[in-house]
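These notes are about the structure you will find just below.
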Amino acid sequence: MARQLGARRAIRLVRAALLLTCAVAASASTPTPATAQSRGAFFDLFAVPATMARRREATDKLAASLNATLQQTKNSGTWGVIVVSLTSGDTLFGHNADRQLLPASTMKLYTTALALDRFGANGRFETEVLRTGTLRPDGTLDGDLVLRGAGDPTLGGLPVNDAITSPMSVLARGVADAGIKRVSGALIGDASGFDDGKVPDGWRKRYLHASYAARVSALSFNENKIVVLVRPDGKRATVSFRPAVSGIDLSNQVKIVAGSRSARIRFTQDSVAGSIRISGWIGSRSATRDYTLVVENPELFAVGALKAALAAEGITVGGPIRIGQPRDSAVPVASLSSPTLDRIIGQMNGESNNHFAELLFRNASRSADASGSAESANSMLGRFLVDKVRVAADAVFAADGSGLSTLDRVTPRSMVQLLSYARHAPWGSVLEESLPVAGTTETLHRRMRRTAAVGNLHAKTGTTNDVASLGGYVTASNGEDLAFSLIYNGSNRWLARDAIDRIGVTLATFSR
């Protein structure tokens, strides 16, 4: 011990002597280049430890600040948080970083990466119309028309070629251009691209009538929602659909109440047959009422929309509409490509569109030999994360692609690892540009306003009754690029969301 103390004392004496020497040199006239160089080299010996100490102190203050923020909700739930500097590679803060938690819509970050890795930013999905049988010279098709879905989430949802044109009108025009004037057989909806699971595991029953929980199908149209218009028409009520559909079994039992301006309408759907029963009443003096309906049988509605578009082109269909696959070899007649994947992802993450996420998730696992499914997509996601992102094998479980399932689990560390990987991936800019911006766009446009995070923090939000989460990027005030994952599971999501916003601002103002 005495020898160690003596050695330390000797080092201190040498440092003091050197400091004195430098002080004397500093008081001299303009130094020579050699003197300045030696002086700079000397001070570098002390500048590096001093800089490291300041950085460590700043990082410790950040950790204390974030801990204090998390403590405000400690009795109402569980936090998982990690902040990493992408510039230097070190972890600035971690709390339950390897704990599996419900992600809510931050799950869409994983779906985004999986889809982009599989298809690339320019990937598209092609919906086709095919025919079976023989086409006569007079334009009569002795066979069926088949509408085959390819999991395009935008069919009816995004403009076609930047023009406001109904996609079914485009397909119907293609059928007409192929010389078809009459179809003797049926109009068939082919949704075999995905398995039959229209409701992902872990979706709560109370979600299923909400527009954010539409059914999942490879043949989806208008996000599997339709507007039902009900208006009084003399002594009866008239019912119509927007977009227009034809061939759907509709039972209209709406009554007219004389003199009333009100209405009370109820809907019942047969999930197998696709039929709709409308009951209740509407006042004779009521304006037209519109109701958004989540359709139980998306394929029939898609085919019904094509049938209405064919009729507008003067093409008649003699047979019924139904779901299935062509019995015989089918010949392509018309097709419609989706917008590119970067545009689809921009809309999905911007508005946190669950329907888009579910279709992209299954599409990523679809192949010529196998239908897409949530189960196979989860397996593919796991392989992608382990093999390419180097995430722990048990860090992520995806029962769906949107984050609505109560069975989903991710660790905050896996999210930051994914964000870090994306920075160097060829599609990374697409993911980052798709994220809402604090105080500026989409789901973050009202958050962190009038702070250093505005226009700076780019992140995916996540919110359910039990979850508040945020994952993305922010630039600190010293220019460091940070990736972060903030996940709260508990009963006070509004207080947690406020904490998340304060953490976002803290990261934007961080410097060391």
Checklist entry - What is the set of long-range amide H partners of Phe194 at a cut-off below 5 Å, with H atoms built 1.01 Å from backbone N? => result Ala218, Gly372
Item to check | Cα centroid separation, the stretch 320-339 to the stretch 405-422 (Å) | outcome: 38 Å
Checklist entry - Once phi is turned into ³J(HN,Hα) by the Karplus curve 6.51 cos²θ - 1.76 cosθ + 1.60 with θ = phi - 60°, what whole-Hz value does each residue of the stretch 66-83 show in order, with x for glycine and proline? => result 5, 4, 5, 5, 5, 4, 5, 10, 5, 8, 10, x, 10, 10, x, 9, 8, 10
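Identify the chymotrypsin sites (Phe, Trp or Tyr not before Pro) of the stretch 210-286 meeting these criteria: DSSP loop state and at most 13 other C-beta atoms within 10 Å of the C-beta.
Values: sites: Tyr212, Phe221, Phe241, Phe267, Trp281; in loops: Phe221.
Of the chymotrypsin sites (Phe, Trp or Tyr not before Pro), not one in the loops of the stretch 210-286 has a Cβ with at most 13 other Cβ atoms within 10 Å.
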Item to check | Using alpha-carbon coordinates, inclination of helix 412-422 to the longest axis of the chain, degrees | outcome: 80 degrees
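Say R0 is 30 Å: what FRET efficiency, to the nearest 0.05, do Ser367 and Asp177 get from their beta-carbon distance?
Values: r = 31 Å, r/R0 = 1.03.
My answer for the efficiency is 0.45.
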Next on the checklist: Treating only the Cβ of Lys, Arg, Asp and Glu as charged (+1, +1, -1, -1), what charge dipole size does the stretch 205-297 show about its Cα centre? Round to the nearest 20 debye.
Outcome noted: 480 debye
Checklist entry - Mind checking the angle between helix 108-119 and the chain's longest principal axis? C-alpha axes, 0 to 90 degrees, to the nearest 10. => result 70 degrees
Checklist entry - Within a Cβ distance under 11 Å of Arg242, other residues only, what is the Lys/Arg minus Asp/Glu net charge? => result 0
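If I take R0 = 51 Å and measure r between the Cβ atoms of Val386 and Ala258 in this structure, what FRET efficiency does the formula 1/(1 + (r/R0)^6) give, to the nearest 0.05?
Working: r = 68 Å, r/R0 = 1.33.
Step by step, r from the Cβ atoms, then E = 0.15.
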Checklist entry - Going toward the positive end of the dipole of the chain, with +1 on Lys and Arg Cβ and -1 on Asp and Glu Cβ, which of His458, Pro153, Ile503 do you reach last? => result Ile503
Checklist entry - Once you charge only the Cβ atoms, +1 for Lys and Arg and -1 for Asp and Glu, what is the size of the charge dipole of the stretch 376-512 about its Cα centre, to the nearest 20 debye? => result 260 debye
Checklist entry - What ³J(HN,Hα) values, in whole Hz, does the Karplus curve 6.51 cos²θ - 1.76 cosθ + 1.60 give for the stretch 142-155 when θ = phi - 60°, with x put for Gly and Pro? => result 8, x, 10, 9, 10, 9, 9, x, 10, x, 6, x, 9, 4
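If you restrict to DSSP beta bridges whose two residues both lie in the stretch 205-297, what percentage is antiparallel, to the nearest 5? Walk me through the numbers before you get to the answer.
Details: 20 of 28 bridges.
Around 70 percent of the beta bridges assigned by DSSP in the stretch 205-297 are antiparallel ones.
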Item to check | Vicinal HN-Hα couplings computed from phi for the stretch 292-298 (Karplus, 6.51 cos²θ - 1.76 cosθ + 1.60; Hz; Gly/Pro x) | outcome: 8, 10, 7, 7, 7, 10, x
Checklist entry - Given the chain, what percent of its DSSP beta bridges are antiparallel, to the nearest 5? => result 75 percent
Checklist entry - Candidates [x] 25.0; [y] 35.5; [z] 23.7; which is the computed mean projected area of the Cα convex hull in nm²? => result [y]
Item to check | Asn122 paired with Ser329, simple spin-label distance in nm, labels 7 Å along Cα-to-beta-carbon | outcome: 3.2 nm
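Counting Lys and Arg as +1 and Asp and Glu as -1, what is the net charge of the other residues whose Cβ lies under 15 Å from the Cβ of Val331? Mind dumping the intermediate values first?
Details: positive: Arg131, Arg136, Arg148, Arg327; negative: Glu128, Asp142, Asp144, Asp177, Asp190, Asp328.
Here the count lands on -2.
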Checklist entry - Considering the dipole of the stretch 205-297 built from charges on the beta carbon (Lys and Arg +1, Asp and Glu -1) around the Cα centre, which of Val227, Val239, Ile282 is farthest to its positive end? => result Ile282
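Listing Met415, Met380, Met348 from the residue with the fewest other Cβ atoms within 10 Å to the one with the most, what is the order? Walk me through the numbers on the way to the answer.
On the way: Met415 32, Met380 18, Met348 28.
Lowest to highest Cβ neighbour count: Met380, Met348, Met415.
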Checklist entry - For the residue pair Ser511 and Asp60, what label-to-label distance in nm results when each label sits 7 Å from Cα along the Cα-to-beta-carbon direction? => result 2.1 nm
Item to check | Residue-averaged [θ]222 nm for the chain, counting only DSSP H segments that reach four residues, each worth -39500 (n - 2.57) | outcome: -11000 deg cm²/dmol
Checklist entry - In the neighborhood of Arg124, defined by Cβ-to-Cβ distances under 13 Å, what is the net charge if each Lys or Arg adds +1 and each Asp or Glu adds -1? => result -2
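What's the FRET efficiency of Val272 with Ser429 using the Cβ-Cβ distance as r and R₀ = 41 Å, to the nearest 0.05?
On the way: r = 45 Å, r/R0 = 1.09.
Calculated value: 0.35.
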Item to check | Cβ-placed point charges (K, R +1; D, E -1), dipole of the chain about Cα centre in debye, nearest 20 | outcome: 1960 debye
Next on the checklist: How tilted is helix 374-384 with respect to the longest principal axis of the chain? Cα atoms for both, answer in degrees (0 to 90, nearest 10).
Outcome noted: 30 degrees
Next on the checklist: Of Ile265, Ala63, Met415, which is farthest towards the positive pole of the chain's charge dipole, taken about the Cα centre with +1 and -1 on the beta-carbons of Lys, Arg and Asp, Glu respectively?
Outcome noted: Ala63
Item to check | Potential lengthening between Ser491 and Thr78 on full extension [0.36 nm per residue; Cα-Cα distance subtracted] | outcome: 147.7 nm
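Only the coordinates and a few stated rules stand behind these numbers; no lab work does. Keep in mind that this is a model prediction, so the values were computed, not measured. We place every Cβ from the backbone using ideal geometry, glycine too, and count neighbours over all the protein chains shown.
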